[in-house]
């Protein structure tokens, strides 16, 4: 059995809030870390949220059903929930000074952890977090965004496919390489709309596999490259 206590507010946010998910979120409990992955827009993007917990024994990865998400949204009058997984059964337990309840899910769907491994050829740069998120709010929703880094410059440049928009943001230092990434503008806008800045700076990685990775604190966004 694996059992872990989590803040209900965090869990509701990590599971995608009230927004319907095209693909079920995936949750992994492993040691002192709980990870939740959602796949907006059919997997064209991936958001990972992590939460540190008291270390637990065992490891479990399962798909979060709409029933689980719906029931969790009913628990906002409590602060924490304990999830206990035994084989393919799960229970949710909440309690406070004057009430307690428990709900059982007789069969959950186990799955695999979602990991995109790092590579020595990944190119990393560090950008101001709030300014980065603010820029995405202003981009046109239709079309593509081409993003470029140059090892001779500190700036990360972005340009819209229809020449309607262009922008740049200053990185903390020059990247170690030159790279270009192109993605769907609407998908990226909606992915970054989930995020509230937590840190002064965020990490931007042009991954060798072609994916763009952005991280602020315990939240990571992955964007797939635009496919013709």
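The values are calculated or read from the model by the stated rules, or taken from the named source; none is laboratory data. A quick note: this is a predicted structure, and the numbers were derived from the prediction, not measured. All Cβ positions, glycine included, derive from the backbone under ideal geometry; neighbour counts span all protein chains shown.
Structural remarks
- The set of residues from region 110-120 being within 17 Å of residue 27 (Cα to Cα), in contact (Cβ under 8 Å) with a residue 24 or more places away in the chain and surrounded by 10 or more Cβ atoms within 10 Å (Cβ to Cβ) comprises 110, 111, 113, 114, 116.
- Checklist (1) loosely packed, with under 13 Cβ neighbours inside 10 Å; (2) closer than 27 Å to residue 198 by Cα; (3) free of Cβ contacts under 8 Å to residues at least 40 places away in the same chain applied to residue 107, failing item: (2)
- Members of region 54-69 found to be within 18 Å of the chain's Cα centre (by Cα) and assigned to a loop (DSSP other than H, G, I, E, B), listed by number: 64, 65
- Single unsatisfied condition, residue 168 versus (1) outside any loop (DSSP other than H, G, I, E, B); (2) closer than 17 Å to residue 129 by Cβ; (3) within 22 Å of the chain's Cα centre (by Cα): (3)
Residues are listed down the side, and each one gets a yes or a no for (1) farther than 18 Å from residue 187 by Cα; (2) surrounded by 17 or more Cβ atoms within 10 Å (Cβ to Cβ):
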site	(1), (2)
9	yes, no
27	yes, yes
38	no, yes
57	yes, no
67	yes, no
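- If you go through region 134-155 and keep only what is surrounded by 14 or more Cβ atoms within 10 Å (Cβ to Cβ) and touching a helix residue (DSSP H, G or I) at 6+ places or on another chain (Cβ under 7 Å), you end up with 136, 139, 140, 143, 144, 145.
- Selection count, region 77-131, where residues are within 24 Å of the chain's Cα centre (by Cα) and outside any strand (DSSP E or B): 17
- Scanning region 5-35 for residues that are touching a residue at least 40 places away in the same chain (Cβ under 8 Å) and under 14 Å from residue 62 (Cα atoms) gives 15, 24, 25, 26, 28, 29, 30, 35.
- Residues of region 188-200 satisfying the condition of being buried (at least 16 other Cβ atoms within 10 Å of the Cβ) and either in a strand (DSSP E or B) or in contact with a helix residue (DSSP H, G or I) (Cβ under 7 Å, 6 or more places away or on another chain) (or both): 188, 189, 190, 191, 192, 195, 197
- Residue match in region 80-87 (condition: out of contact with any helix residue (DSSP H, G or I) (no Cβ under 7 Å at 6 or more places or on another chain) and not assigned by TED's automatic domain parsing to the domain that holds residue 53): no
- Residue match in region 134-145 (condition: part of a loop (DSSP other than H, G, I, E, B), modelled with pLDDT of 95 or more and farther than 22 Å from residue 200 by Cα): no
- Identity of the residue in region 216-228, under 17 Å from residue 13 (Cα atoms) and touching a strand residue (DSSP E or B) at 6+ places or on another chain (Cβ under 7 Å), that ends up surrounded by the fewest Cβ atoms within 10 Å (Cβ to Cβ): 218
- Among the residues listed as 106, 117, the single one being out of contact with any helix residue (DSSP H, G or I) (no Cβ under 9 Å at 6 or more places or on another chain) and closer than 30 Å to residue 154 by Cβ: 117
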